[in-house]
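Here's the structure we're looking at; comments come further down.
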Amino acid sequence: MILAKLLLLVSSLCSASVLASDYDGTRIANRTIDRTVQLLTHSLFAPYIDQDLQNRWWDFGADAYVNTNKHIRLTRNKSSLMGWLWSRLPLTSHNWIIEVEFKISGGTSHLYGDGLALWITTERAQPGPVFGSKDHFTGIGIFLDTYKNDLHSEYPFPRIIAMNGDGKTSYDLAKDGVPNMIGECAADYRRSSVATKLKVIYVKDTVLDVKIQWKGWEEWSNCFTLNDISLPQSPYIGLTAMTGDVSDAHDIISVSTSSAILSSAETPRDKLQSTESEAGWFSFSFVRFLLFGGAVAGIWFGWRTYGQSGSKRDQAFWCALGTSTMDTTSVHAFSVTFL
Ligand SMILES: [Ca+2]
């Protein structure tokens, strides 16, 4: 019983150390991301397709095509193209991180566009006018808009603009979505010399955080953070791009999606107390085990010692008593028989 408890305790302590080693300390709002678990069902890496020229978890279509060594090219640098890439399964995690490595490249002229979009929406794979996807979407669209439709706008481009669609409101193409935008920033991610990545972190009903890497490796620029935002349950992940009169090549290099396991500000203290409590139980039980073992050993040793001394004592007694009536051999034999 005690041994089983000890094994159970050692096992639980080992589990705690694994949790601790996974801790990456990322803080979001007033909570901490303890660890992340990558979702292979919503991630995408080279070579992108299997021997049947399919991907088990993603669909792609329209003008999109796969270069197994490099990317999924949503559009070539040619006018009037559109391409899409959608997860086949909805994302059921409440809290998640999506990191997309992309590349937008084209000529050096001042005419290029239109850009690409990351979708977290309840509908999937429905081509349309909003960066190659349908309008009146439900969920969030994060648009990497490289073409300034509204020439009178004061916003510099390229730009990131997000809209939280309710399924009814139209994306305002002529004004680059500004009337309905919920977050935005400027970032010169086009033709960047370093890998360009978009990172979106969502904590259910709490926060949506968008960062972009375009200046240098592992140099993330904050784009925008939205508090108290709720996205639809079980959305799909989509990436679409479109060219019009102007064009660019829009490529997806990889998508890495992870489920995020969070702790509240109080949890580390609780965990610490729990660990201390377990450690205390362990110490107490171990001391009890030692005391019990010591007591058993003491009784056994005492019994042996008493038995041996008793034998000698008896022997001395009978020897003294039997000097005239018994010889030594018979006394010894009697003593043994008596014991
Ligand atoms: Ca635009």
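Database remark: amide H of F224 closer than 5 angstrom to the amide H of V210 (H placed geometrically; neighbours at sequence offset of 5 or more, or on other chains; Pro and chain starts carry no H). Beta-bridge orientation, region 23-265: approximately 100 percent antiparallel, per DSSP, counting only bridges with both partners inside. The GluC sites (Glu not before Pro) found in region 179-242 that occupy coil by DSSP, while having at most 11 further C-beta atoms within 10 Å, are E218. Amide H to amide H distances under 5 Å link D63 with M82, G83, W84, where only residues 5 or more positions off or on other chains count and H is placed in the peptide plane.
Amide H contacts of D34 (H built 1.01 Å from N, in plane; Pro and chain starts excluded): I261, L262, S263 sit under 5 Å, all sequence-distant by 5 or more or on other chains. Restriction of the trypsin sites (Lys or Arg not before Pro) in region 31-106 to DSSP coil positions whose beta-carbon has at most 11 other beta-carbons within 10 angstrom yields R56. Dividing the mean sequence gap of close Cα pairs (under 8 Å, 6+ apart) by how many residues region 23-265 holds gives a relative contact order of 34 percent.
Karplus-based coupling profile of region 85-98, in residue order and whole Hz: 8, 9, 5, 7, 10, x, 8, 9, 5, 6, 10, 8, 10, 10, with θ = phi - 60° in 6.51 cos²θ - 1.76 cosθ + 1.60 and x standing for Gly or Pro. In loop segments of region 115-154 as defined by DSSP, the trypsin sites (Lys or Arg not before Pro) with at most 16 further C-beta atoms inside 10 Å of their C-beta are K148.
Read the figures in this text as sums done on the coordinates, not as results from a lab. These figures come from a predicted structure and were not determined experimentally. Heads up, the Cβs are rebuilt from the backbone with ideal geometry, glycines too, and the neighbour counts pull from every protein chain shown.
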